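This report concerns only the one structure given below.
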Amino acid sequence: MTGTTETTKTVTWKTLIMETAKTKFGTKEFKRIELVNALKDEAQKHYPDNKNVGTTVGNNLSKLQKAGLVINVRKGFWKLAA
């Protein structure tokens, strides 16, 4: 069976980002780099091959913003949507 490697991942990036943001920052604003630093160890557990967590987090923040889950408060600052 081919194409099953992605299903072995137990946590998606979006879930990882949202859970970390909720527990670490709650309703406060946060910088992308603060989120990246908070995620690095946890991300290594689930995605050991990913060497550029910062880019992955940035791309997923944009997707989460389009979905209405996070708000870009001002340049470089994010916040969870209410």
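The values are calculated or read from the model by the stated rules, or taken from the named source; none is laboratory data. Just so it is clear, the structure is predicted and the values come from calculations on it, not from any experiment. Note that each Cβ is placed from the backbone with ideal geometry, even for glycine, and that neighbours are counted across all protein chains shown. All accessible areas refer to the heavy atoms of the entire protein, side chains included, with ligands and DNA or RNA removed. Shrake-Rupley method; radii C 1.70, N 1.55, O 1.52, S 1.80 Å.
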If you scan region 25-58, which residues turn out to be assigned to a helix (DSSP H, G or I), open to solvent by 90 Å² or more (accessible area, probe 1.4 Å) and farther than 16 Å from residue 77 by Cβ?
40, 41, 45
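Residues are listed down the side, and each one gets a yes or a no for (1) out of contact with any strand residue (DSSP E or B) (no Cβ under 7 Å at 6 or more places or on another chain); (2) in contact (Cβ under 8 Å) with a residue 12 or more places away in the chain:
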site	(1), (2)
14	yes, yes
17	yes, yes
21	no, yes
36	yes, yes
44	yes, no
Is there any pair with a first residue in region 50-69 that is free of Cβ contacts under 8 Å to residues at least 40 places away in the same chain and a second that is not in a helix (DSSP H, G or I) whose Cβ atoms are under 6 Å apart and which are 6 or more apart or on different chains, and what are they?
65/72; 68/81
Boolean, residue 22 is out of contact with any Asp or Glu (no Cβ under 9 Å at 6 or more places or on another chain), closer than 13 Å to residue 70 by Cβ and either at pLDDT below 90 or surrounded by 11 or more Cβ atoms within 10 Å (Cβ to Cβ) (or both)
yes
